[in-house]
Amino acid sequence: MKGVLVVLDGVGDRACGNLNGMTPLEAAETPNLDYMAQEGVMGHIYPISENMAPESDTATVALLGNNPFLSTRGVFEAIGAGLKIERGDLALRTNFGTLDNLTSCKVLDRRAGRTLTTKEAQILAKEINKIFLPRKFLFKPTVQHRGVLVLRGGFSDNITNTDPAYPIKGKFQHTYDFSFSKPLDDDENSKYTANMVNELIEQSFLRLSKHPLNQQRVKKGLHPANILLTRDGGIEIPKIRKFKKWMAVHYLPLEIGISKVAGMDVFSFDYPEMKGYDSYANMYDALNKAVKFAEKNLKKHKKDYEYCYIHFKETDVPGHDNKPLEKKTMIELIDKKFFSFLKKFAEKNKIILAITADHSTPCELKSHSADAVPLLLFNSGEEKDGCVAFSEVESKKGKLGKIYGREVLKKIGFV
């Protein structure tokens, strides 16, 4: 193995008041990352451009050396969830959300309060899959509130999203107003596709709102998971750069799907079931499992592949929830349990490490931003540049300078 790319999802941030004006990266105790920053070189990455906040899929696709706008998130998520996609099938990323009613159309929570258990999601999925439509479809829940919807055969993807945060593919907005899908052109198939998506959403709302499970959730003071919010549909597999002799260690459908389409051998595990209502306890379980799984597979396959791509999701979610202390804790856990191992592993096996993020998720915004993210290159043989910590500010002092997402792998010599 020559190199390992580690992506800390959404780890970039801005100054946080309850962290004494520091970012979570600056406030976190990260002796291993800081050591590698001091012994390595740094730079900063704009995943797409200085003025565009990327979604997770476009940022990752760019980081792998592609035009980010080739991405179709729904297709990647479906492939990552193990669903077979034929050309013309419409694949959509979904959230279980909470809608007040179909008259006022106010989304009370886009993620059903982050309290949907695995068992609850599976029960509600069975109810959704009972719906009759003129075309075949399949809905599959994935992790927590997330899911994938695939409508089979001959559809258009030129329709609007129904997730109020992403009304148009790739464009985030702060709103809670639900709108049914609309065609983006005058083609009859686009109109038909929007109608099919809307029919499914309306029927699912009527069924899920009356479901005993959701009635029990309301009695417990929880948000009912009563609507599917759809976004980022696609009808064909994107043609992205292929990677030979690369392995990837992932556990969420999006990253699994992207890496599979990119030709990598993907090693994954089943995300731990969420048995209670504490999504953060579930995420800590997953993160601890992910760290052990990544270490195991690096040791096992270090002679089988030239490069490895590892992605940790959990540093992103606290940014969306405006929880800088949780984000700081996630960073510290990864530094203590994973980077302590990875630093020694790289030095012993003469492997170059590239550590970065796919995008920034500032707590103050509760969404992605166009801010630059740090890039650290360790064990590369480059002369040190005087950086003292892995952080947003320090990265802008580094000798690697400013890099755009699609240039990264070439810049660090991984392709």
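General observations
- Entry for Rg and Dmax of the Cα atoms in Å (calculated from the structure that is shown) out of (i) 21.2, 64; (ii) 24.0, 91; (iii) 24.9, 109: (i)
- Cα lying deepest toward the dipole's positive end in region 340-415, options Gly413, Thr356, Ser391, charges on Cβ: Gly413
- In region 367-415, lysine pairs with alpha-carbon atoms under 13 angstrom apart (chain gap of 8 or more, or interchain): 4
- Relative packing of 182-189, 302-309, 61-68, which averages over residues the other C-beta atoms within 10 Å, highest first: 61-68, 302-309, 182-189
- A simple spin-label model places the labels of Leu102 and Lys119 3.1 nm from each other, with each point 7 Å out along Cα-to-Cβ.
- Per-residue ellipticity at 222 nm from helix content only, as computed over the chain with -39500 (n - 2.57) for each DSSP H run of at least four residues, stands at -9500 deg cm²/dmol.
- Folded to 0 to 90 degrees: helix 340-349 orientation relative to the chain principal axis, Cα: 60
- Relative contact order (percent, whole number), the chain, Cα cutoff 8 Å, 6+ residue spacing: 35
- Between Lys344 and Glu236, the distance separating the two model label sites (each 7 Å from Cα on the Cα→Cβ line) works out to 5.0 nm.
- Expressed as a whole percent, the accessible surface of the chain that belongs to carbon and sulfur atoms is 49, based on a 1.4 Å probe.
- Estimated inter-spin distance, Asn158 and Val218, nm [label 7 Å along Cα→Cβ]: 4.1
- Extension gain, Leu325 back to Asn195 (0.36 nm per residue minus Cα-Cα distance, nm): 42.5 nm
- Candidate lysines for bridging to Lys299, where Cα separation is under 17 Å - those fewer than 8 sequence places away on the same chain excluded: Lys2, Lys245, Lys289, Lys337, Lys343, Lys344, Lys348, Lys350
- Applying 1/(1 + (r/R0)^6) with r as the Cβ-Cβ distance of Leu184 and Lys2 and R0 = 45 angstrom yields a FRET efficiency of 0.55.
- Estimated FRET transfer efficiency when R0 is 30 angstrom, pair Lys397-Glu273 (beta carbons, to 0.05): 0.10
- The GluC sites (Glu not before Pro) of region 341-398 meeting both criteria, a DSSP state outside H, G, I, E and B (loop) and at most 13 other C-beta atoms within 10 angstrom of the site's C-beta, are Glu383.
- Region 160-282 - percent relative contact order, Cα under 8 Å, separation 6 or more: 18
- Positive-pole candidate from Val218, Ile48, Phe345, dipole of the chain, charges at beta carbon: Phe345
- Considering region 56-149 at the alpha-carbon level, its Rg and Dmax are found to be 15.1, 45 Å.
- The simple Förster model, with R0 at 35 Å and r as the Cβ-Cβ distance, assigns Lys245 and Glu39 a FRET efficiency of 0.85.
- Net charge of neighbours whose Cβ lies under 12 Å from the Cβ of Asp385, counting Lys and Arg as +1 and Asp and Glu as -1: 0
- Region 287-365: relative contact order in percent, alpha carbon pairs under 8 Å with at least 6 residues between: 39
The values are calculated or read from the model by the stated rules, or taken from the named source; none is laboratory data. Values in this document were obtained by computation on a predicted structure and should not be read as measured data. Glycine also receives a Cβ, built like all others from the backbone with ideal geometry; neighbour counts cover every protein chain displayed. Quick note on the areas: whole protein, heavy atoms, side chains included, nothing else; ligands and nucleic acids left out. Shrake-Rupley method; radii C 1.70, N 1.55, O 1.52, S 1.80 Å.
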